[in-house]
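The values are calculated or read from the model by the stated rules, or taken from the named source; none is laboratory data. In this text, all values refer to a predicted model and were calculated from it rather than measured experimentally. Glycine gets a Cβ as well: all are built from the backbone with ideal geometry, and neighbour counts include every protein chain shown.
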Amino acid sequence: MSEEPTLVVSKIRNGTVIDHIPAGKAMDILNVLGINGREGLRIAILMNVESKKLGRKDIIKIEGKRLSPEDLNVIALLAPSATINIIEDFAVVEKHKVLLPNIIVGVLKCPNPTCITNKRGEFVKTRFRLISRDPVKLQCEYCGNVVSGDEVTKLIAKRR
Amino acid sequence: MKELFYQRDVISILDFNRESLEVLFEYADRMLKHIDTKLSLLNGKVVSLAFFEPSTRTRLSFEVAAKKLGADVISIVGEEASSVSKGESLADTIRMLDSYSNAIVIRHRYEGVAKYAAEIAEHSVINAGDGKQHHPTQTMIDLYTVKKLFNDIDGLVYGVLGDLRYGRATTSFLYGLSLFKPKKVYLISPESLRVREEVLHVLKERNIVFEERRNLEDVIEELDVLYVIRIQKERFPDPLEYEKVKGSYKVTLETLKKGKKNLKILHPLPKVDEIDERIDYTSYAAYFIQAKYGVPVRMALLALIFGVEP
């Protein structure tokens, strides 16, 4: 067995690697992405591995699927430090940091109980607009409610 | 600017600019001249009034406005009177109204309903109040009233008093003022009924000079317009919270004597106990004329949405 803990899982040929996820957040990230494993994708989840930057970190490797930046940027809600590597033929062909998108659809639950998005029997996806990046402030496009800081991560709806 | 109204949805007053509101006011002036006649501008059109929450003025003035323009009106009054009470979704109800009529006026206790309805319906949707959020047509009337009284909306000092947390009329009024250039706006409320963060955000973004205060007495001398709203009992999640603030503010004649002589009081009505009844009979009270302007302003809005000229 290698002494390098990051070599426990082999490299992927083609796909997406989400790196620099704060330790313990990998499952939440998959939830935000709406990935539950039943899609048939080969996925490696590494948790609590050593990291020079973060001390400990999580990594997600998704074989055979190139996730678009639009899909992945929503990860910034949970892991603003995350980096995305797009892999082709074992080589990193694209690398970028996540950036919170201006509109977030269907990911967060509005905390306002009288928001239309919380009305039973209506099919309406939540829609939040980014009104401040630092500190993070998001506004519900339906009811106008503003959510910020730590509150935001608590509002991530179960998607799996 | 007329094009800005044609076949559009009216969800928030912030969807408009001052130039378009000035066109609306000019139309309202023209409607006032025809107020005692029945026009045929909207002959053959049907306007739906879907009021899932109680209303007197808004519903009746919309009905009168539509009928005076020659339109027919169909109504849903209260959830119990529609199939929503049988479990039908709001979305399906909207689809039906959309197929039976040429415009939908909607009021609901949930915030965002009008926007949701507008996403479903092909015809114009007019927000007649969604929870504590928007009441754009009330604001059109409020601003029109100020313009009629002072010949201008800019340059005045406004006091907005009461339940600023749950009041949709005050929220919309503040958004509406932000389209103009008020000299200053005082937000006067008990601590627990302070204006919500998203409203402050808009005022700041639009460089409105404002100050939060707790007592009307401290600022009464400066005010040109005092906008009062009742405590919105029905929106308190906890009845105990309501009990704590019940009766916490009241405009009295004694307070007004310290103010400007031509101070005008607006109120979207209904009022409960927040204004001394003796004030009703003074020149301060502008709220009955404000309510009366509901018809010409809503006639103007409907005419502009349908693209007809008085």
Scan segment A:112-146 for residues that are facing another protein chain (nearest Cβ under 10 Å) and of a type in the set (A, V, I, L, M, F, W, C) and report the count.
-> 8
Considering segment A:121-160 alone, what residues qualify as being in contact with a helix residue (DSSP H, G or I) (Cβ under 7 Å, 6 or more places away or on another chain), among the charged types (D, E, K, R) and without any contact (Cβ under 8 Å) to a residue 12 or more places away in the chain?
-> A:122
Just to be sure, is residue B:118 within 14 Å of chain A (Cβ to nearest Cβ), surrounded by fewer than 24 Cβ atoms within 10 Å (Cβ to Cβ) and in contact with a strand residue (DSSP E or B) (Cβ under 8 Å, 6 or more places away or on another chain)?
-> yes
Being at pLDDT below 95 and either within 22 Å of residue B:297 (Cβ to Cβ) or of a type in the set (Ser, Thr, Tyr) (or both), is that true of even one residue in segment B:84-92?
-> yes
Answer with yes or no whether residue B:75 is in a loop (DSSP other than H, G, I, E, B), hydroxyl-bearing (Ser, Thr, Tyr) and more than 20 Å from residue B:6 (Cα to Cα).
-> no
For residue B:76, state whether it is more than 11 Å from chain A (Cβ to nearest Cβ), under 30 Å from residue B:180 (Cβ atoms), over 16 Å from the mean Cα position of the chain (by Cα) and crowded, with 16+ Cβ neighbours inside 10 Å.
-> no
Members of segment B:92-115 found to be surrounded by fewer than 18 Cβ atoms within 10 Å (Cβ to Cβ) and in a helix (DSSP H, G or I), listed by number | B:92, B:95, B:96, B:99, B:100
Give me a count of the residues in segment A:92-117 that are under 27 Å from residue B:84 (Cβ atoms), surrounded by fewer than 20 Cβ atoms within 10 Å (Cβ to Cβ) and more than 17 Å from the chain's Cα centre (by Cα).
-> 2
Do we find that residue A:87 is more than 14 Å from chain B (Cβ to nearest Cβ) and in contact with a Gly (Cβ under 8 Å, 6 or more places away or on another chain) in this structure?
-> yes
Within segment B:183-201, identify whether any single residue is in contact with a helix residue (DSSP H, G or I) (Cβ under 7 Å, 6 or more places away or on another chain), buried (at least 16 other Cβ atoms within 10 Å of the Cβ) and among the small types (Gly, Ala, Ser), and answer yes or no.
-> no
When residue B:281 is evaluated against the numbered criteria (1) touching a helix residue (DSSP H, G or I) at 6+ places or on another chain (Cβ under 9 Å); (2) free of Cβ contacts under 8 Å to residues at least 12 places away in the same chain; (3) of a type in the set (Ser, Thr, Tyr), which criterion, by number, is the only one it fails?
-> (1)
Checking residue B:96 against (1) in contact with an Asp or Glu (Cβ under 8 Å, 6 or more places away or on another chain); (2) more than 10 Å from chain A (Cβ to nearest Cβ); (3) aliphatic (A, V, I, L, M), the condition it does not meet = (1)
Keeping to segment B:179-209, report how many residues are without any contact (Cβ under 8 Å) to a residue 40 or more places away in the chain, within 14 Å of chain A (Cβ to nearest Cβ) and either of a type outside the set (Lys, Arg) or not in a loop (DSSP other than H, G, I, E, B) (or both).
-> 9
Does residue B:228 satisfy the criteria of being under 15 Å from the mean Cα position of the chain (by Cα), under 19 Å from residue B:189 (Cα atoms) and either surrounded by fewer than 22 Cβ atoms within 10 Å (Cβ to Cβ) or touching a residue at least 60 places away in the same chain (Cβ under 8 Å) (or both)?
-> yes
Consider residue B:70 carefully, then state whether it is within 14 Å of chain A (Cβ to nearest Cβ) and either out of contact with any helix residue (DSSP H, G or I) (no Cβ under 7 Å at 6 or more places or on another chain) or surrounded by 23 or more Cβ atoms within 10 Å (Cβ to Cβ) (or both).
-> no
Determine whether residue B:254 is assigned to a strand (DSSP E or B), surrounded by fewer than 17 Cβ atoms within 10 Å (Cβ to Cβ) and modelled with pLDDT of 95 or more.
-> no
